[in-house]
1. With a ≥ b ≥ c taken as the square roots of the eigenvalues of the C-alpha gyration tensor of the range 180-334, please select rounded if a/c is under 1.5 and otherwise prolate if a/b is larger than b/c or oblate if it is not?
2. Using the Cα centre of the range 277-411 as origin and beta-carbon charges of +1 (Lys, Arg) and -1 (Asp, Glu), tell me which of Thr405, Ile318, Pro278 is placed farthest towards the positive end of the dipole.
3. Given q = 0.11, 0.16, 0.23 Å⁻¹, what are the Debye log10 I(q)/I(0) values for the range 251-355, with equal point scatterers placed on the Cα positions and solvent ignored?
4. Per residue, how many Å² of accessible area does the chain show with a 1.4 Å probe?
5. How far is it, in nm, from the label point at His122 to the one at Arg267 when both lie 7 Å from their Cα along the line to the Cβ?
6. If you take every residue apart from Leu396 with its C-beta less than 14 Å away from the C-beta of Leu396, what net charge results, scoring Lys and Arg +1 and Asp and Glu -1?
7. Per-residue counts of other Cβ atoms within 10 Å, averaged by peptide: what ranking do you get for 372-381, 132-141, highest first?
8. Compute the length gained on full extension between Phe313 and Lys111: take 0.36 nm times their separation in residues and subtract their Cα-Cα distance, giving the result in nm to one decimal.
Amino acid sequence: MAKTVTLNNAKVPNSNLSKQQREAIRTLGKDEDIIILPADKGRCTVVLDKPEYHEKVCKLLSDTKTYELLKRDPTSGYRKKVIDKLQELERAEVIDRLLYHRLYPGESVPKFYGLPKIHKEHAPLRPIVSSVDSVTYNVAKHVAYVIGPLVGKSEHHIINSQDFVNKIQDIQLHEEETKTSYDVSALFTCVPPKEAVDVVRDCLEKDNTWKDRTELSVSQVCGLLELCLNTTYFIYNGKFYRQRHGCAMGSPVSPIVVNLFMEQFERTALDSFTGTPPSHWFRYVDDTWVKLRKDQLTPFFEHINGVNEHIKFTQEPIKEGKLAFLDCSVHVANDGTISTSVYRKSTHTDQYLLFDSHHPLVHKLGVIRTLFHRADAISSNEILKEEEHDHLKSALGVCGYRKWTFHKALSVNKAAKESNTRDSRSDDTPAERKNITIPYVSKLSEKLRRIFENIKSLCRSNQPTP
């Protein structure tokens, strides 16, 4: 009853955009001469003349060493390959009918687009392929589920910025040492699929934990993987292209495969160097932070660029004692000690979810918690933490956040945490629960949430005592 009354009395919330702003958005949306994109990095929106954008994309696709123009749509051919493979696995009774349908090919064609790198001169585009619901998308997700946990068992693997900071916090550079970073050029289009599949096969044969996640054999997993990595076609502006080499961009399994490939690469590179290898080598996908002797800087850089003909690095040297890695700025003091703080590119806009936007309050408080958590995790001392806190309060203040929001977001509600812990441990929780998602409507959703919480509490109080 309460839900019905609430819905009947609900009103459409006021727009947080003015009439002029709404009209400007409609006008921009109808303008066929421009294209509006998010920047590759920096949290800003870029408006490009459509001819300029098209010219930049065509420049990328004109690289005949990386891409080739196809005469026709190859979707049906790839679709048949996937279906044949699934039927073969079903006949072998390693997948059932339900999994067969889950892995069945999607209907969409992979789409190519580019995001402007506004932090670089002339704002070149970063090539992106959206493969959602494509012919191999479902298979790739399943293979990623099977082989994903194999990643990260190397001592050089970095999970995130906090993991990186924890691993370097006690490092000290001596006078004869320096730090640098390496970046693999176009990693996804460089890793050869055949070598990548061989690496995955080797990992599967050495680690049997994946058998808990599937009934497929090593050869069957690798067969599906090979199919995913080699389905590299896409469409742009009505024309079909194929990526000539490398792993399929946009495939859910490709990041896992290139990570495993790079783990093997770094083992080979470090073990085969005849000089003094780096004392520390930490890698996040294609970005690597290294501590090594100054006299080995050039020899080692030349060495890693000669290990594999497909993998080539660029190098970022230390500047004024500072070096950026992920979203960390790593500073070396005169005595060789290391400190870390949050790093932002010069093009970063400090634009976050506006407080007057139609999102639940919990989402807005989550923005504060997330940013302050990152500040505390990355900043290596209290002075740097305070500086980052002040910056965040100023930036979020511009986005409409008030003082009370910081207090509410950052204060620890122990009672709520204990309640959540009790809920998660309750033996009365149903083994299977279906969720229904409804759209968020300002003020109305908050009322409905309170009603549902009251019903939940009432149901609990009516449960018999064991």
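The values are calculated or read from the model by the stated rules, or taken from the named source; none is laboratory data. On a predicted model such as this, the values are computed, not experimentally measured, just so you know. Virtual Cβ from ideal backbone geometry, glycine too; neighbours counted across all protein chains shown. We work out accessible area using only protein heavy atoms, side chains counted, and drop any ligands, DNA or RNA first. Shrake-Rupley method; radii C 1.70, N 1.55, O 1.52, S 1.80 Å.
1. Working: a/c = 2.20, a/b = 1.59, b/c = 1.38.
Note, shape of the range 180-334 comes out prolate.
2. So the residue we want is Thr405.
3. Results for the range 251-355 at q = 0.11, 0.16, 0.23 Å⁻¹ read -0.46, -0.87, -1.33.
4. About 59 Å² of surface per residue is accessible.
5. 4.1 nm
6. On the way: positive: Arg43, Lys364, Arg369, Arg374, Lys393, Arg402, Lys403, Lys408; negative: Asp350, Asp356, Glu388, Asp390.
That works out to +4.
7. Working: 372-381: 17.2, 132-141: 22.3.
Per-residue mean Cβ counts within 10 Å order the peptides as 132-141, 372-381.
8. Working: separation 202, 0.36 × 202 = 72.72 nm, distance 2.78 nm.
Contour length minus Cα-Cα distance gives 69.9 nm.
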